[in-house]
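Here is the structure we will look at.
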Amino acid sequence: MASTTASTTAVTSASSQPTQPGASIDQAASLRLPPVIFGISALGNLYRTLPDATKDAIVAACRRCTVGAPVFDGAGKYGAGLALETLGRALRAADAAATQVVISNKLGWRRVPLSGPQPTFEPGAWVDLAHDAVQDISYDGILRCWAEGDRLLGAPYRASLVSVHDPDEYVAAAGEDVGERVRRLADIIAAYRAIDELRSRGGIASVGIGAKDWRVARHVLEQVRVDWVMLACSLTVMSHPPELLAWVDELARGGVRVIDSALFHGGFLTGGDFFDYRRIDPASDQGRRLLAWRETFHAVCARHGVTPAHACVQFARMVPGVVSVALNTSDPARVPVNIDMATRAVPSALWRDLADARLIDGKLAFLP
């Protein structure tokens, strides 16, 4: 089996703090991404509310740990726009030039008034929000989401990387209605037509797609061309079906970059109570299965002195075709730790023991 080279991309600052190279987009819109893309969902109050000072410190740490332009990955869905607002405010407070950061905005959700005690999307995952968010995927809808995103960021910041967010959820809302499913898929294609027009006018630099259900993303990409794909909750140490790995390899051979995100299944694999952003029921059959898997996973990691988070990140980094991982944190001190996890390999014996425990596929060619 091939060995990984994931440990070769980090550099060390004069203070011995792990750092990484920044992103670059040349005049031909060729995109180079860093090992770690900084997810900003914590800035939108994912699971808990953070003080503004902590949020500012997170943004500052991401900039400090990147030699060049860091990539911040946001979405109108994150805190119903709060994450984008907070990012823009923090960057302005630090007097960061727009050219010193790269911002990704996943389009498809926009802000609406909050009509109940909590937002209607991903109930229980987002706290202390002043707004709700709804999906708005269509030609006109994606233009509304794009305009709102840049407005929430505020001058001088704009998203240069954009994608359609959660097309899988949008299609799934059709249920068993085949006609509605076809209509919604047409809406998604129309949304990409709007994005292509924005790109042709110089409004954006690079186009992608972000989804949890990779099969829907694959179907969409039969009709549109993107520069990158962001997978969420689908390519992880816990879930790595051969069909998905084959598609990632196909994307890479076609020049499409793959960013892997939600590597912890919404925090579950590192000890959280939510799986894929939904609270688990420990008494249910699914809950018992998930908790048993996690207990064994943690035990194997502990035997090798590896944190579960490090194992999750390194697994994703080893997959051929994955160029970056998107990691979110609510603790500024975790930013250099995240970069270290993405750039330092774990003992190869860990993978053999995880395979022996039947937690991963031991026949994966990329395992050391």
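The values are calculated or read from the model by the stated rules, or taken from the named source; none is laboratory data. From a predicted model like this one, the values you see are computed outputs, not experimental measurements. Here Cβ is always computed from backbone atoms with ideal geometry, including for glycine, and neighbour counts include all displayed protein chains. Accessible surface areas use protein heavy atoms only, side chains included; no ligands, DNA or RNA. Shrake-Rupley method; radii C 1.70, N 1.55, O 1.52, S 1.80 Å.
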Output for the range 210-243: trypsin sites (Lys or Arg not before Pro) sitting in coil per DSSP, at most 12 other Cβ within 10 Å, listed by number, reads ARG225
Protection proxy (average C-beta count within 10 Å per residue), highest first, orders 336-344, 88-96, 43-51 as 336-344, 43-51, 88-96
Protection proxy (average C-beta count within 10 Å per residue), highest first, orders 289-297, 163-171, 106-114 as 163-171, 106-114, 289-297
Quick note, the range 138-278: a/c under 1.5 would make it rounded; otherwise a/b > b/c is prolate and the rest oblate (a ≥ b ≥ c, C-alpha gyration tensor); here it is rounded
The size of the Cβ-based charge dipole (Lys, Arg +1; Asp, Glu -1) of the chain about the Cα centre, to the nearest 20 debye, is 640 debye
The chain: relative contact order from alpha carbon pairs under 8 Å, six or more residues apart, as a whole percent, is 21 percent
The range 64-127 accessible area per residue, 1.4 Å probe, protein heavy atoms, integer Å², reads 36 Å²
Log10 I(q)/I(0) at q = 0.21, 0.25, 0.26 Å⁻¹ for the range 289-368, from Debye over equal alpha-carbon scatterers, is -1.04, -1.30, -1.34
In deg cm²/dmol, rounded to the nearest 500, the helical mean residue ellipticity at 222 nm of the chain, built from -39500 (n - 2.57) for every DSSP H run of length 4 or more, is -11500 deg cm²/dmol
Among the DSSP H helices of the chain, those whose Cα atoms extend at least 15 Å along the helix axis and whose mean Kyte-Doolittle hydropathy is 0.5 or higher are 82-93
Per the rule of 0.36 nm per residue minus the C-alpha distance, extending GLU243 to GLU176 adds in nm 21.7 nm
Among beta bridges assigned by DSSP with both residues in the chain, the antiparallel ones amount in percent, to the nearest 5, to 30 percent
Which of ILE195, ILE103, ILE25 fluctuates most in a GNM of the chain (C-alpha springs under 10 Å)? That residue is ILE25
Expected unfolding gain across HIS298-ALA155 under the 0.36 nm per residue rule, minus the alpha-carbon gap, is 47.0 nm
Projecting the Cα atoms of ALA69, TRP126, ILE58 onto the charge dipole of the chain, where Lys and Arg contribute +1 and Asp and Glu -1 at Cβ, the residue farthest towards the positive end is ALA69
By the Cα gyration tensor axes a ≥ b ≥ c (a/c under 1.5 gives rounded; else a/b larger than b/c gives prolate, otherwise oblate), the shape of the range 53-163 is oblate
